[in-house]
Amino acid sequence: MATFAGQDLVCIRGERLVFSHLDFNIASGGCLTLIGRNGAGKSSLLRMMAGLLRPSSGVMSWDATPVQDDMDEHRERLHYVGHHDAIKPVLTVEENLKFWAGLRSDAQEAQANFKEALDLFSIGHLMDVPGRFLSAGQKRRANLARIIASKSQVWLLDEPTTALDKETIAKLEEIIENHRATGGMVVLSTHSDLNIKNQEILDVSAFSAARGQESASLLAEGI
Amino acid sequence: MGRFISVVRRDLRLALRQGSDSVMVVMFFLLTVVLFPFGIGPEGNILARVASGVIFVAALLASMLSLERLFQTDYEDGSLELLTLSPVPLEIVVLGKITAHWLTTGLPLIIASPLLAVLMNMSSDGFSMLMLALLLGTPALSLIGAIGAALVLGSRRGGVLISLLVLPLFVPVLIFGVGLVEAAIGGFAVKSQILILSGILFACLAFCPFAAAAAVRQSVE
C-alpha cells in the first residue's frame, strides 16, 4: 500500500501566484479528480506531481520519502498524459508506441503488450498507419494506449477526455477502474464529469483565493 | 545502452523519413564553398591558400542550419516532455539526439569535403587531415550547438538566436581544425593540433550533454 502526498505546495508561474498551501493525499487504488476554473492551476499541479515543474515551496512525498530525493525512481512509477499527444507524424502508430515502451524498464513486456492496448481502444487496425493520418481522437487513443502498455503505479492524466467520443470515454472509465483495482492510483483533471467510483475531488480554485495580497507577501519572502 | 540506441534509431528514422534536412545541409555546404571561386576569382594559388579556412567555415555554418530542429519538433508535439519524464536519464536521451544529429549532418559533410578540397585547388597532402579535422570537429559542433538549440526552445526566431549564442563558441574548433590542415600541407608536425582537437571533443562530450539537458528541463517547466 503506497501513498503519494503533497504538503503546503506553492506554485508561482511568471511571478504570478497560481495556488498556495495546497495539500493532497492519495493512496493505492485511489482516484483524485482535479476541478477548478481555467487557469486555476490544474495542469500546473499535475506537472508538479510529474516532476516537470518544481514546487516553489512545499514537499511531495512517496511513502513519506521526499520525491525529490530520487527523481529517477519517481519517473519510473508514473505515466503522464499532457495536452499534446507526442505522436510523430512520420512514424507509424506501432513505431511511436514501441519507442516509448522501449524507454521503460519493463521494455520487453511493454512491447509485447501494446497490440493489446491498441485493441482495447479499438485502433488495432491503425498500427501501420503513419501518425499524420490520425484524427485528434485517434492520436489521443494511441497516447492512452501508451500508458496501458507498460505498467506504472501512478497515472497523471491532464484532461484525458479531450477529443474522445462517448464510447471511448466509457472505455477509459473502465480502464481507470481496472488500474485502480490492481493497486494503481490516478490523478486526473477534467471539465466533463467522468463516471468514476469513490473519486476524491480537489477544487484547485479554492487554493488560489485572495491572490493579490498573498502573492505579494510570498514574493516578498523570496519564495 | 539499449535505450541510448533506441533514441538514436528513432531520430535517424525521423530524419530519413522527413528527408530534406541532411540533403539540404550538404547542398548548402557545397554551394557556399562553390561561391568562393566566383567571388575571389579563379586564381589557383589564392584559392589553395584559403581552401581549408573556407571549407571549415562553410561546414560550421552548414551544421548550424539544422541545429534549430534538434529539439524544436519534439518540443512542439509534447515528445520532449515525455522524454524528460521517461526513466532514462535525460543526459543519455540528449546525447542520443546529438549523435543522430551528427550522423545525419556532420558525417555527410565529412564525406563531401574531399570533393570541395579538389574544387578549391587544395594541396592533396591536406585531404586526409581535412577529413580528420572535420571528424574531430563536427561532433564538437553538434555537442556545443545542442546547448544553444535547447536554450532557445520556446523563443521566436530561435534559429538566428542560436547562431549568435553558438558561433563564438565554435572559434576554438575552427582555429585548431584549420591549423591542423595547414600544418599538414606545410609539412609540419600535426600531433599537437590533433591532440588539442581531440581534447576539445572530449571536453564537449563530458560537459555539453549535461548543459543541454539542464536547458531542456528548464524549457519544459
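The values are calculated or read from the model by the stated rules, or taken from the named source; none is laboratory data. Keep in mind that what you see is a predicted model, and the values were worked out from it rather than measured. Don't worry about glycine lacking a Cβ; one is built from the backbone with ideal geometry, like all the others, and counts go over all protein chains shown. In case anyone asks, the SASA skips ligands and DNA or RNA and just uses the protein heavy atoms, side chains included. Shrake-Rupley method; radii C 1.70, N 1.55, O 1.52, S 1.80 Å.
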| note | Among the residues of segment B:177-193, the number that are assigned to a helix (DSSP H, G or I) and buried (at least 18 other Cβ atoms within 10 Å of the Cβ) is 10
| said: Being outside any helix (DSSP H, G or I), in contact (Cβ under 8 Å) with a residue 12 or more places away in the chain, open to solvent by 10 Å² or more (accessible area, probe 1.4 Å) and more than 23 Å from B:V34 (Cα to Cα): is that true of B:G159 here? | reply: no
| note | Within segment A:1-38, of all residues that are in contact (Cβ under 8 Å) with a residue 12 or more places away in the chain and part of a loop (DSSP other than H, G, I, E, B), the one farthest from A:H79 (Cα to Cα) is A:E15
| Quick check: is even one residue across segment B:195-210 away from chain A (no Cβ under 14 Å), open to solvent by 10 Å² or more (accessible area, probe 1.4 Å) and not in a helix (DSSP H, G or I)? | no
| Hey, B:V7 in a helix (DSSP H, G or I), more than 13 Å from every other protein chain (Cβ to nearest Cβ) and either open to solvent by less than 50 Å² (accessible area, probe 1.4 Å) or not acidic (D, E) (or both) or not | no
| Using beta carbons and a limit of 6 Å, which pairs, at least six apart or on different chains, have the first residue in segment A:73-88 and within 7 Å of another protein chain (Cβ to nearest Cβ) and touching a residue at least 40 places away in the same chain (Cβ under 8 Å) and the second one hydroxyl-bearing (S, T, Y) and not in a loop (DSSP other than H, G, I, E, B)? | A:A86/B:S79
| field | Lone qualifier among B:L174, B:L143 - being open to solvent by 40 Å² or more (accessible area, probe 1.4 Å) and in contact with a Leu (Cβ under 8 Å, 6 or more places away or on another chain) | value | B:L174
| Of all residues in segment A:98-133, how many are in contact with a Lys or Arg (Cβ under 6 Å, 6 or more places away or on another chain), within 12 Å of another protein chain (Cβ to nearest Cβ) and modelled with pLDDT of 80 or more? | 4
| Of the conditions (1) within 22 Å of A:E76 (Cα to Cα); (2) out of contact with any His (no Cβ under 9 Å at 6 or more places or on another chain); (3) surrounded by 15 or more Cβ atoms within 10 Å (Cβ to Cβ), A:G137 fails just one. Which one is it? | (1)
| query | Of the conditions (1) farther than 17 Å from A:D23 by Cβ; (2) more than 8 Å from chain B (Cβ to nearest Cβ), A:A64 fails just one. Which one is it? | reply | (1)
| task | Output yes when any residue across segment B:15-34 is within 14 Å of chain A (Cβ to nearest Cβ) and either assigned to a loop (DSSP other than H, G, I, E, B) or open to solvent by less than 20 Å² (accessible area, probe 1.4 Å) (or both), and no when none is. | result | yes
| said: Of all residues being in contact (Cβ under 8 Å) with a residue 40 or more places away in the chain and part of a loop (DSSP other than H, G, I, E, B) in segment A:169-190, which is most open to solvent (accessible area, probe 1.4 Å)? Just the residue, please. | reply: A:G183
| field | Extreme residue, farthest from the other protein chains (Cβ to nearest Cβ), among residues of segment B:64-83 that are open to solvent by 10 Å² or more (accessible area, probe 1.4 Å) and among the polar types (S, T, N, Q) | value | B:Q72
| said: Which residue is modelled with the lowest pLDDT, if the candidates are limited to segment B:104-119 and must be open to solvent by less than 10 Å² (accessible area, probe 1.4 Å) and of a type in the set (S, T, N, Q)? | reply: B:T105
| request: Working carefully through the options A:G39, A:G58, A:G82, A:G29, find the one that is surrounded by fewer than 16 Cβ atoms within 10 Å (Cβ to Cβ) and among the small types (G, A, S). | output: A:G39
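Filter segment B:147-156 down to the residues that are of a type in the set (A, V, I, L, M) and closer than 14 Å to B:T73 by Cα, then identify the one that is surrounded by the most Cβ atoms within 10 Å (Cβ to Cβ).
Applying the first criterion (of a type in the set (A, V, I, L, M)) to segment B:147-156 yields B:147, B:149-153.
When the remaining residues are screened for being closer than 14 Å to B:T73 by Cα, the result is B:149-150, B:152-153.
Values: B:A149: 31, B:A150: 26, B:V152: 24, B:L153: 20.
Here the answer is B:A149.
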| Considering segment A:61-75 alone, what residues qualify as being crowded, with 18+ Cβ neighbours inside 10 Å and among the acidic types (D, E)? | none
| task | Answer with yes or no whether A:G6 is on the phi > 0 side of the Ramachandran plot and either more than 14 Å from every other protein chain (Cβ to nearest Cβ) or open to solvent by 10 Å² or more (accessible area, probe 1.4 Å) (or both). | result | no
